Amino acid sequence: MKTIRNLIYREIFAASTFVLLGFLALFFFFDVVDEFASVGRPAVDTPELVYGLGHALLYVALQMPNRVYELLPMTVLIGSIVVLARMANGSEYTILRTSGLDPWRALGTMLGLGSVFVVLTFLTGDYVAPASDRAAQLLKAQFRGQISVGNTGAWLKERQTNFNHFVNVGRLDPSGEMGNIRIFTFDNKGYLAATLKASRGQIDTSNNTWVMHDVQRRIIQGSDKGGSRAAYQHIPLYQWKSSITPEMISVALLKPERMRTSDLFAYSQHLAANGQSTLRYDIEFWRKLFYPLSCLVMVVLALPFAYLHFRSGGTTGYVFGGVMIGISFFLLNNVFGYIGNLNQWQPWVAAVSPALIYSVLSLTAFGWMVLRR
């Protein structure tokens, strides 16, 4: 059995790697073409620095780990179908069956292979891809001058003892420094108590303190008695205690699906503690947990192809069908996130539904085409 397992693993690993490299080459080409529009433009802050072809290639290359994470389940499915269909067509799998590879052993072998891809997908999506994406965004920020989202940047909320603080970070520089910071403070009755505007600032993670420079602060008094007066202050250096971390700023400014699972969970907990909607980030958190497990679904879905009877050259249509199944899973996994967000589904339901649908399909195919034949 060890020899059979090594043979199947080696063949599927080679085929899946080949398919993955093909998809990556295709995406790399299209992403580089998209970057051609920015090639030759000078940087915002330093006009002598020009965004060249080398920068574009490096930026696209840094995006590739995200592509690997997104494509791994689909490439595992296609690679497994190619190998198993080829072995069935050449009667190799028939020989393996006569050598003692019964359906349940075959299922266990494929699940063992899928577990390896589960670990690989998780490590790529939770460690390699977030670090690579952040490096790519910081590279682009050297020429844009900032990382930002929308016209106003990122908005966060923090509830402290007697006040609610609404924090707006306009941009994040390549060095990690925040810019265009605004803080609106409301008391427990909902009245505006103070405003703060800072040109730039950093977060001192050693004591959870925001260190802001060139601060314009306005303190409003008497707003709950029908009249109010404001006191203005200009403070060169101002420190503010807050539980908002740099990771939370990154989640708010960057795409949540490209963040680490722990960062998404911490940010979701922060939103819940401050009475804000967490649905979008909860869905992404559960998707990050369940997405690597889809590799197990894909290898089980590919197993029935080993038990088909092919005519000469008849594997092409089945391989094409496998490609369509993989693409449909990729699309459905994204669509269910949006549907769950719009319809206010339970986050785990929106995240696990695509995997459950394909699990039912794979087990049905396995039961019908393998155990009953």
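Quick one: which helices (runs of 4 or more DSSP H) lie wholly within the range 86-148 and hold at least 2 residues that are at pLDDT 85 or above?
Details: elements: 92-98, 103-123, 129-144.
So the answer is 103-123, 129-144.
Within the range 319-330, is there a residue that is free of Cβ contacts under 8 Å to residues at least 12 places away in the same chain, polar (S, T, N, Q) and more than 30 Å from Arg5 (Cβ to Cβ)? Taking every residue of the range 319-330 in turn, none turns out to be free of Cβ contacts under 8 Å to residues at least 12 places away in the same chain, polar (S, T, N, Q) and more than 30 Å from Arg5 (Cβ to Cβ). Filtering the range 333-365 to residues that are under 19 Å from the mean Cα position of the chain (by Cα), crowded, with 16+ Cβ neighbours inside 10 Å and not hydroxyl-bearing (Ser, Thr, Tyr) leaves Asn333, Phe336, Gly337, Gly340, Asn341, Pro347, Trp348, Ala350, Ala351, Val352, Pro354, Ala355. Taking the listed residues Phe23, Phe18, Phe29, the one that is in contact (Cβ under 8 Å) with a residue 40 or more places away in the chain, surrounded by fewer than 15 Cβ atoms within 10 Å (Cβ to Cβ) and outside any loop (DSSP other than H, G, I, E, B) is Phe18, with no other qualifying. Scan the range 87-109 and give yes if some residue there is in contact (Cβ under 8 Å) with a residue 40 or more places away in the chain and within 19 Å of the chain's Cα centre (by Cα), otherwise no. The answer is no, given that none of the residues of the range 87-109 is in contact (Cβ under 8 Å) with a residue 40 or more places away in the chain and within 19 Å of the chain's Cα centre (by Cα). Those residues that are among the aromatic types (Phe, Trp, Tyr) and over 19 Å from Gln269 (Cα atoms), I need them from the range 164-197; list them, please. Those that are among the aromatic types (Phe, Trp, Tyr) and over 19 Å from Gln269 (Cα atoms): Phe184, Phe186, Tyr191.
Whenever a residue of the range 192-215 is in the same structural domain as Ser243 (by TED's automatic domain parsing) and more than 16 Å from Leu237 (Cα to Cα), its partners that are among the polar types (S, T, N, Q) and not in a loop (DSSP other than H, G, I, E, B), lying with C-beta atoms within less than 6 angstrom and at least six residues away or across chains, give the pairs Ala193/Thr185; Ala194/Thr185. Here Lys189 passes the criteria (1) more than 22 Å from His234 (Cβ to Cβ); (2) at pLDDT below 85; (3) in a strand (DSSP E or B) except the one numbered (3).
State whether the residues of the range 42-50 include one that is at pLDDT 90 or above and among the charged types (D, E, K, R). Within the range 42-50, none of the residues are at pLDDT 90 or above and among the charged types (D, E, K, R). Within the range 156-178, the set of residues being in a strand (DSSP E or B) and at pLDDT below 80 comprises Gly170, Arg171, Leu172.
The values are calculated or read from the model by the stated rules, or taken from the named source; none is laboratory data. Every value quoted in this text rests on a predicted model; they were computed, and no experiment measured them. Methodologically, a virtual Cβ is constructed for each residue, glycine included, from the backbone with ideal geometry; neighbour enumeration extends over all protein chains shown.
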